[in-house]
Structures are given as C-alpha cells and as structure tokens.
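Below is one structure, written out as structure tokens; the observations come after it.
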Amino acid sequence: MNVISLLTPKAQVAYLPEDCTIRQGLEKLRAHSFTALPVVAKDGRYVGTVSEGDFLRCILDRKDNSLRTQEKLPLVTVMRQGFNPAVSIRVSMAELLDRAMRQSFIPVVDDRGAFMGIVTRQSIMRKLVIPAVEKDRQADRQPERELEEAMV
C-alpha cells in the first residue's frame, strides 16, 4: 500500500486560493462544514492550512474585532506558519500513519511542492482497519459455519 491508494485528489478536495479574503475563507469553510481547509497558491503550490481557530484568533486579537472591518483582509493574515505541513508523495506509510494520529487530514505534494490532494484519517481507517475487522469477524464465524455444515 502507498499514499496514492489513500489519496483524495485535488479535484475532489475543497481548498482555498491563497489570494482570497477572510470572508471568502469563512464562507467556504462553513459551506463545506469543515474545521480546516488547505490553502493553494495560483501556481498550484501548497501554502498551508487554515482552521476555524485561526479565523477566531485573528478576529479576537485585533483592536477592532468587528468582522465587517476584517472581512476584506487577505487570508494569509490569519494563517499560522508551519501548521499542518504537507508530506511528499513518496512519504513512507510509517510517517503517514504517524501524522494521521495528529492531523485529521494530511496534505500531499509532488516533488515540486504542487498540491496533489489529501489523505484523510478516515481513508486510512477504511483501507486498513475495516478490512481487518471484517477478516476477524469472518474468522470468528468459521467455527459456527463448520458446526452448521456438520449438522446437515
């Protein structure tokens, strides 16, 4: 298994353009019911991730905490440096799993830093955990099936 098998491609991911405003970012966050979204530059590079908390801190930390005055500020004013760093498409499964323990989604970039998509904790669980649970269930049912066949 590799990162490609777990990747949700960019075309299917809600993300924010780097040059959008705080208002546009909040609207997209709300429209998709997410708590964080990746931010992508015009040239396709992954810039970072912005979260609800980032927006809230920005609004509350300013002297004039009116949303009306802040809604036109550029998105980059709320972003935290180094929050939710991307992994390379060549990342090891061990590192990917380690990151998934701390992040709900992991941004994935190619060798040039271009945003390719995300790997979600949910996709990892679907691929790794659910098949293992099903296999255990089937193994637990095997003695019952053998007993039923013997009785027929």
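The values are calculated or read from the model by the stated rules, or taken from the named source; none is laboratory data. Quantities reported herein were computed from a predicted structural model and do not represent experimental measurements. Note that we place each Cβ from the backbone using ideal geometry, even for glycine, and neighbour counts take in every protein chain shown.
Might you check whether a residue that is modelled with pLDDT of 90 or more, over 20 Å from R102 (Cα atoms), surrounded by fewer than 18 Cβ atoms within 10 Å (Cβ to Cβ) and in contact with a Gly (Cβ under 6 Å, 6 or more places away or on another chain) occurs anywhere in segment 57-76? No; the residues of segment 57-76 include none that is modelled with pLDDT of 90 or more, over 20 Å from R102 (Cα atoms), surrounded by fewer than 18 Cβ atoms within 10 Å (Cβ to Cβ) and in contact with a Gly (Cβ under 6 Å, 6 or more places away or on another chain).
Selection of segment 1-23 for residues being free of Cβ contacts under 8 Å to residues at least 60 places away in the same chain and closer than 20 Å to Q103 by Cα yields A14, L16.
So which residues in segment 55-81 are in a loop (DSSP other than H, G, I, E, B) and without any contact (Cβ under 8 Å) to a residue 12 or more places away in the chain? Explain how you work it out, then say what you get.
Step one: list which residues in segment 55-81 are in a loop (DSSP other than H, G, I, E, B), which gives 62-66, 71-73, 78-81.
Within segment 55-81, R62, K63, D64, N65, S66 meet the criteria.
Against the definition (under 18 Å from D110 (Cβ atoms) and in contact with a strand residue (DSSP E or B) (Cβ under 6 Å, 6 or more places away or on another chain)), how does V50 come out, yes or no? No: the conditions fail for V50.
Being under 26 Å from Q122 (Cβ atoms), in contact (Cβ under 8 Å) with a residue 40 or more places away in the chain, part of a helix (DSSP H, G or I) and of a type outside the set (G, A, S) is the requirement here; does L96 meet it? Considered against the rule, which asks whether it is under 26 Å from Q122 (Cβ atoms), in contact (Cβ under 8 Å) with a residue 40 or more places away in the chain, part of a helix (DSSP H, G or I) and of a type outside the set (G, A, S), L96 comes out as yes.
When segment 1-20 is filtered for residues that are under 15 Å from the mean Cα position of the chain (by Cα) and in a strand (DSSP E or B), the ones remaining, listed by number, are T8, P9, L16.
Condition check ((1) of a type in the set (V, I, T); (2) surrounded by fewer than 14 Cβ atoms within 10 Å (Cβ to Cβ); (3) touching a residue at least 60 places away in the same chain (Cβ under 8 Å)) across all residues:
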site	(1), (2), (3)
G25	no, no, no
R30	no, yes, no
E52	no, no, no
V87	yes, no, yes
